[in-house]
Each structure stands twice: as structure tokens, then as C-alpha cells.
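The values are calculated or read from the model by the stated rules, or taken from the named source; none is laboratory data. Bear in mind the structure is a predicted one, so any value in this text is a computation, not a measurement. All Cβ positions, even for glycine, are placed from backbone atoms using ideal geometry, and neighbour counts span all protein chains on display. Only protein heavy atoms, including side chains, enter the accessible area calculation; ligands, DNA and RNA are left aside. Shrake-Rupley method; radii C 1.70, N 1.55, O 1.52, S 1.80 Å.
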Amino acid sequence: MSKYISKLLFGKNNSLLENIILCLAITLACAFTYYDRYNSFMGVTRAVLSVLIFAIWIIGAFSSGKGRKWGFLIFTGLYWLIPHLYMIFYSGRDNVRGYSKWLSLCNKSADILVNKPFTALSESTGTEEYIFVIILCVIVVSAYFIGVNLKSALNIPKVEPEQNYEQDDCEEDY
């Protein structure tokens, strides 16, 4: 049984690019399903995607932690932090006097990237979206460091087989 668990945990390592693309894909899928409310099955789809966004980000973080790929943590920080900082900047400026369609477009894009993926969870729990962003980021960083530490804790150093010194001495005589 432990052989299967070890194979599951440490089998194939995904590349950093694969992990990033998977995380972007599930996040955008969650964001885009927010806008589709006409189909009756979308409630179930949004619930499944809400679980998958956490699962895929955690798996990507753990996989990157196994490979000690710091780029995933940098990507996670930049992906979730920059749009939030921009939305804070945009909400604090005077949009009546200094309106810019480009700044408004950037604000809506940041909202789609960060808030809309968690809107289904937010509506069902009655909390703000940024709470789920914070929870996801904490879990992702934890999963990354669990991957780093679990890999180093379970790697048993290879022991070299003992050499038969008597045989080596005999071979030197010839």
C-alpha cells in the first residue's frame, strides 16, 4: 500500500509551465461559468468547479514543491496580488473627473481574474470573494512547503553496497 501512495505522491513531476497552465485554466473556467446562468445544470457545474479550483491549485503547488520550483510561488503571488492591488487603486481614484476606458477595462479584467472564480462560493456562504483568495493562497503556500519537506523527509539516502576488500586485493596481484 505504501508503494502505491509513494508512487502517487512522487511519481511524475509536472513542469512549472504545466502547473501554471492548469491553474489558469481552472480559474478561468470558474470565472466564465459565473456569466452562464441560463442552463439548469450550471449550479452543479459551479459547485464542482469550486472544489476543483482548490484541488488543482493544491496539486500544482505540491507538485512544484516536490520539484523545488520557486516559480510557482512567485506566479501565485503575482497572479492573486497584482489584480487586487490594482482594484484597490482603481476604487480609490476619482472616476468621474478622470475616467479612462482603459483603466476601467483593466479593473473589469482584474475582477474577472480574481473575484469571479469565487463568486459561486461567495454567494453560497455569504462571505466576500477575497476571503477565498486568502484561504487559497495560504493553502497553496502550505502545500508547496509540504511538497518540499515531504520529498526531503521521505528520501532515504542511498547506501552503497559493501565492497569485498579481499576480492579487490586478489585482483590487484594479477
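Among the residues of the range 152-161, are any within 13 Å of the chain's Cα centre (by Cα) and modelled with pLDDT of 65 or more? Scanning the range 152-161 turns up no residue that is within 13 Å of the chain's Cα centre (by Cα) and modelled with pLDDT of 65 or more. Summed over the range 24-34, residues that are free of Cβ contacts under 8 Å to residues at least 40 places away in the same chain and farther than 14 Å from LEU113 by Cβ total 0. Taking the range 73-154 as the region of interest, the helices (runs of 4 or more DSSP H) fully inside it that hold 3 or more residues being within 19 Å of ASN19 (Cα to Cα), in contact with a Gly (Cβ under 9 Å, 6 or more places away or on another chain) and open to solvent by less than 40 Å² (accessible area, probe 1.4 Å) are 129-154. How many of the residues making up the range 25-66 are closer than 24 Å to ASN13 by Cβ, of a type outside the set (A, V, I, L, M) and open to solvent by 30 Å² or more (accessible area, probe 1.4 Å)? Matching residues across the range 25-66 total 2.
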